[in-house]
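Q: Before I ask anything, let me first share the structure, which is written out below as structure tokens.
The values are calculated or read from the model by the stated rules, or taken from the named source; none is laboratory data. Keep in mind it's a predicted model, so treat the numbers as computed, not measured. Here Cβ is always computed from backbone atoms with ideal geometry, including for glycine, and neighbour counts include all displayed protein chains. Side chains are part of the model used for accessible areas, which takes the heavy atoms of the whole protein and leaves out ligands, DNA and RNA. Shrake-Rupley method; radii C 1.70, N 1.55, O 1.52, S 1.80 Å.
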Amino acid sequence: MEILVCVKRVPDTAENEIELNAEGNDIERDDLVYSVNEWDNYAVEEAIQMVDKHGGSVTVVTVGDEESEEVLRREMAMGAEKGILLSDDAFEGSDGKGVAAILKAAVEKGSYDLIMTGAQADEGYAQVGGMLAAMLDYPYASLVNSIEVGDGKLKVGREVEGGNIEMNEIELPCVLSIQTGINEPRYVGIRGIRKVASVEIPAMGASDLGIDAGSVGEDAAKVRRIDYFVPEMGEGAEMLEGSTDEIIDKLIELLKSKGGIK
Amino acid sequence: MEAILALIIVAAGVAGVVYVLARRMAPLFRAAKGPAIDRIGERLYGVYWFPHHRMPRPGYEVAGYTHITTLVSLIVLSIHVLMVIYSGFVGFEIPGLESAVGVGYAVISDIALTVLFIACVFAAVRRGVLKPPRYEVPEKYGKDKSRPWAVFLVSFLAAVALLDMIYLGSDAVAAKAAEEGYRFILPLTGTWFAAIIMSGLSASAAGTVNVVSYFILLIGIFVFVNLLPFDRLFHTITGPVTVFCKKLERGSVKPVQWGVDDESVADLESFGVKKFEDFNWKHILDFYSCADCGRCSDNCPANASGRPLSPRFISLKGRDYAFSHYPLKGPFVKNEPLVGDIFSEDEIWSCTTCGACEEECPVTIEYIDKIVDLRRGMIDDGNVPQSLQKPLNALGKRGNPWGKMEKKRPEWIKELPEGVTIKDLSSGDTAETLYFVDSMSSYDDRMMDLARATATVLSAAGADAGILGKNEKDSANDVRRFGEEMLFMELRDHNSEMIAGSGAGNIVTSDPHALNALKKDYKDMPPVEHISEFALRKLKEGTLSFASLDEEEKGKIYTYHDPCYLGRHNQVYDPPREVMDAIPGMNRVEMSRCRDRSFCCGGGGLMLFYEPEEEERMGVHRVRMAKEAGANVIVTACPFCLTNIEDAIKVAGLEGEMEALDLCELVARHIGS
């Protein structure tokens, strides 16, 4: 099976030491370190495991600048065979639809049975996977947390409200957006990355992909971020009252309703 | 005729053992390269010193002295055994008895034989009837073949000794019956008893007993020798070699591959131990040398807290693997990956590298290097628990396991106590003494107190001290011990460059993990001291002095917990105690497990992030030990110990009854005169 996994380089915000920039429309990026989007990493691991079992190859693709090459290399160190960097000044500032359009062009340049994306990335829109499927006119399943390979189709599990799982059959070729927890991604050390340091990663621009430069990028974007702020701290806290057992019951109730526990 | 029969037995016995040993050595020649063996004198002394000082350590006196007795008897008897074998070729006459020296040695041999017999009978009773719990084989490791074998082997040896007594005694009886003179036999020795019991025999009957007992004895000796390479008794052959080849540098970790330097290590095909032959020959020799005495697991904190690790079975599983995959007959069995087969992932990640097992092992088997090598293999295959991947990635990107910003590393100096100064050398300043803070004390809110206390001690002693600030990265002591060698090298190289660039003449640290890395893993460092050594030095110089404990503190009972990387790995046991005792009014007690028997707090560095399967935290065990010692203040000298012990006090429900603090904090509070 030929699998294409779309990945993104995102700021590492685990330690949430995020500050707003002076303009107030983005986060201060100077002090940030970057890594591969966590969801994408699960998608790549899943693709590698599928190929290990059923044959084929994994290609990773990203839309970004030269620095994005590092995440492609990281995923190649995991076991992806090929990497493709989609890079062009014209792509800068693309909205979700623009990114999906660029990826669609890349998908059409190859011959893939399955396209995977992470369920979402740093900005939390979770839009590219769905749009890409629509543009390709492929079937789509989101928030996938299990995949079984069948003949010409896949059986995919999806996480739904309340921690329930539904199973779907989906025909290939298709697009899947992958939820974290579907597997345990392998570790990639410096040594692994060095091993793939000299592998050629082809870069493709708008003309290589046959994209009209005017249809993507900042000018074509129909969604624009106009503000970015930390919400004001809410007032007070809810005090639970009663006996210890009552408090515990109320707390469990609250955690359940907020999705904290199942 | 008899000589021919004896020759056949001797030849068969020798051929058998030579063949078995040759087959046993095969994996050693197929294994990875081992260490170069230098410092011969020190090693020879070690062969004498280690077994005999470790076997009778407290708690193991009975087994230890029984073993020493057996061993000394066997050494005394070694020439005697050769003489006995030889006697069959020359008419069953023990050679050398015409001289006084010969008779003297014969008498000594009689004593040794008697002692050996008693020791073996005692050992058989101890293992077979008294059954000390240390030797029990937990169910998950399969059927207990250990005890039946132990009883059989010591009984066999006792029987061989008994046969020898009969052989010697019958010779005396025959001589006496034929009214010939015989050498002096010391009363109450086994030989003497044998002669008394057989004294009624005629010369010819005694002669027959003499010949028959010779042949049974001869077969017995060679059967016993041939049994050696099949079980724990293999240590009688390989043990001394293992001790001779032991790693001499405490606290250090073996290179990824012996003989491959840092520059070419990245080019290696594979890292660490994945298959059996990835172990180096010394490690396979270790497996052979395990005497199955159980001291390692008896002292292993991971084992005590119910983690799936028992060092004893690391060795025994390794030995059994060697025996089954390199059989005495037929082709060798193909090596499969070890992790997932004889070792489990959790077993290998469970080790805190505290070194308690290695401290105890009478044949100086190395466990940490094997664990690290197995981890290197897992890291290389990407097989790393998710709980460890995040801190490892963060260490690579930001130089600390939390992924916090570099510029926040020196945040703690913003709130120094009044009058305390420490320079941030990242701004280009210089200082005579470099305080290497390391990640834990730099970023952890509670441990920043420890850093500030260290700065207070340095400042009070008049040291011109500075920190690397944002230019410091994690010392990577535990990055290396968790098997991520390349990341370790990157962090080490960065720190080495920064330390060299700072121009500092000496380094002080309050983190024993950093101390160990700087001393054992880094090269060309200026002198490195732990803060306890620094404080003691300044006390002795008179530049540091202490005010008395206050009334409330005087009512407390203090105990000192030895951090593994300060104590066992770096042998700093006394300075922290001397510093504590220098504070007037100090009432300090020792826990039963202290100094080289200290019990790990739960592990530092990346072990803080690992989520082990365990029944009870190591720290909780430790806190209870402090309670048993009657202490209510646990003083330690390591930020990881302090974290684990403070948490354990809460888990054990001893909040308010028990407190923990770092030596630096204790010292900083009592600076004065």
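Q: Mind checking the angle between helix B:386-398 and chain B's longest principal axis? C-alpha axes, 0 to 90 degrees, to the nearest 10.
A: 50 degrees
Q: Per DSSP H run of at least 4 residues, take -39500 (n - 2.57); add these up for the protein assembly as shown, divide by its residues and hand me the 222 nm value, nearest 500 deg cm²/dmol.
A: So the calculated ellipticity at 222 nm is -14000 deg cm²/dmol.
Q: For all pairs of alpha-carbon atoms in the range B:1-90, what percent lies in each bin of width 5 Å, listed from the first bin to the last filled one?
A: 3, 10, 10, 11, 14, 18, 17, 10, 5, 2, 0
Q: Here's another thing I want to ask about it. Of the lysine pairs in the range A:25-143, how many meet both conditions: Cα atoms under 22 Å apart, and a spacing of 8 or more in sequence or different chains?
A: The result is 4.
Q: So for A:V58, B:V260, what's the accessible-area order with a 1.4 Å probe, most first?
A: Sorted descending by solvent-accessible area, the residues read B:V260, A:V58.
Q: By a straight-distance test (C-alpha under 20 Å), which aspartates and glutamates pair with B:K556 as possible cross-link partners, with residues fewer than eight away in the same chain excluded?
A: The qualifying aspartates and glutamates are B:E578, B:D581, B:E590, B:E628, B:E646, B:E655, B:E657, B:E659, B:D662, B:E665.
Q: Check B:F482: other-chain or 5+ apart residues with amide H under 5 Å from its amide H, H built from backbone geometry?
A: Residues meeting the amide H criterion: none.
Q: If you fit an axis through the alpha-carbon atoms of helix B:2-30 and take the longest principal axis of the Cα set of chain B, what angle between them do you get, 0 to 90°, nearest 10?
A: For helix B:2-30, the angle is close to 20 degrees.
Q: Hey, another quick one. Averaging the inverse of every distinct alpha carbon separation and then flipping it gives the Kirkwood radius. What is it for chain B, in angstrom units?
A: 28.0 Å
Q: Sticking with the crude label model, points 7 Å out along Cα→Cβ, report the distance from B:S204 to A:I248 in nm, one decimal please.
A: Going by the 7 Å Cα→Cβ label model, 9.2 nm.
Q: For the range B:416-479 and the range B:65-87, what is the centre-to-centre distance using only Cα atoms, to the nearest Å?
A: Taking the Cα centre of the range B:65-87 as reference, the centre of the range B:416-479 is 60 Å away.
Q: At a Förster distance of 45 Å, what's the computed FRET efficiency of A:K109 paired with A:N168, Cβ-Cβ distance as r, to 0.05?
A: For R0 = 45 Å, the calculated efficiency reads 0.95.
Q: May I ask what percent, to the nearest 5, of DSSP beta bridges between residues of the protein assembly as shown are antiparallel?
A: 25 percent
Q: For the range A:65-102 and the range B:199-214, what is the separation of their C-alpha centers, rounded to whole Å?
A: 94 Å
Q: If you don't mind, another one. Where in the range A:113-205 are there chymotrypsin sites (Phe, Trp or Tyr not before Pro) that are in a DSSP coil and have at most 15 other Cβ atoms within 10 angstrom of their Cβ?
A: When the chymotrypsin sites (Phe, Trp or Tyr not before Pro) of the range A:113-205 are filtered for loop state and at most 15 Cβ neighbours within 10 Å, A:Y125 remain.
Q: Moving to a separate point now. Could you work out the per residue convex hull volume over the alpha carbons of the protein assembly as shown, in cubic angstrom?
A: Expressed per residue, the convex hull around the Cα atoms of the protein assembly as shown is 228 Å³.
Q: Let me ask another. For an R0 of 56 angstrom, estimate the FRET efficiency from the Cβ-Cβ distance between B:D524 and B:I79 and round to the nearest 0.05.
A: 0.65
Q: Kirkwood hydrodynamic radius of chain A from all distinct Cα pairs, in Å?
A: By the Kirkwood definition, the hydrodynamic radius is 20.1 Å.
Q: For the range A:98-141, report the convex hull volume of the alpha-carbon atoms normalised per residue, in Å³, without decimals.
A: Considering the Cα atoms of the range A:98-141, their hull volume per residue is 71 Å³.
Q: If you look at just the Cα atoms of the range B:398-541, how large are its Rg and its Dmax in Å?
A: According to the Cα coordinates of the range B:398-541, Rg and Dmax are 14.0, 43 Å.
Q: Sticking with this one: Using Cα atoms only, what is the angle between the long axis of helix B:235-244 and the major principal axis of chain B, expressed in degrees (0 to 90) to the nearest 10?
A: Tilt relative to chain B: about 40 degrees.
Q: If you average 1/r over every pair of different alpha-carbon atoms in the range B:311-464 and take one over that average, what Kirkwood value in Å do you get?
A: Result for the range B:311-464, one decimal place: 19.7 Å.
Q: Right, next: Pairs B:K407/B:K519; B:K33/B:K275; B:K274/B:K523: which exceed 19 Å Cα-Cα?
A: B:K407/B:K519; B:K274/B:K523
Q: Send over the per residue convex hull volume for the range B:270-357, Cα only, as a whole number of Å³.
A: It comes to 105 Å³ per residue, whole-number rounded.
Q: Additional query: Count, for each residue of A:181-189, the Cβ atoms from other chains sitting within 10 Å of its Cβ, then give me the mean as a whole number.
A: Going residue by residue through A:181-189 and averaging, the value is 6.
Q: Which FRET efficiency value, to the nearest 0.05, is calculated for B:K143 and B:A26 with the Förster distance at 30 angstrom and r the Cβ-Cβ distance?
A: Taking R0 as 30 Å, the efficiency between B:K143 and B:A26 is 0.65.
Q: Could you check what % of the DSSP bridge pairs in the range A:1-157 are antiparallel, to the nearest 5?
A: Within the range A:1-157, antiparallel bridges account for around 35 percent of the total.
Q: Taking just the alpha-carbon atoms of the range B:385-466, what radius of gyration and Dmax come out, in angstrom?
A: Using the Cα atoms of the range B:385-466, the pair Rg, Dmax is 14.1, 46 Å.
Q: What does the net charge come to around A:S146 if you take all other residues with beta carbon closer than 15 Å to its beta carbon, with K and R at +1 and D and E at -1?
A: -3
Q: Once you have the Cα-Cα distance between B:D429 and B:H53, take 0.36 nm times their residue separation minus that, and quote the gain in nm to one decimal.
A: Answer, rounded to one decimal: 130.3 nm.
Q: Also, quick follow-up: What total accessible area, in Å², is buried where chains B and A meet, using a 1.4 Å probe and rounding to the nearest 100?
A: Counting protein atoms only, the buried area is about 2000 Å².
Q: Calculate, in nm to one decimal, what A:V160 and A:E238 gain on full extension: separation in residues at 0.36 nm each, minus their alpha carbon distance.
A: Contour length minus Cα-Cα distance gives 25.2 nm.
Q: Find how many whole Å separate the alpha carbon centroid of the range A:141-205 from the alpha carbon centroid of the range B:126-192.
A: The distance from the Cα centre of the range B:126-192 to that of the range A:141-205 comes to 67 Å.
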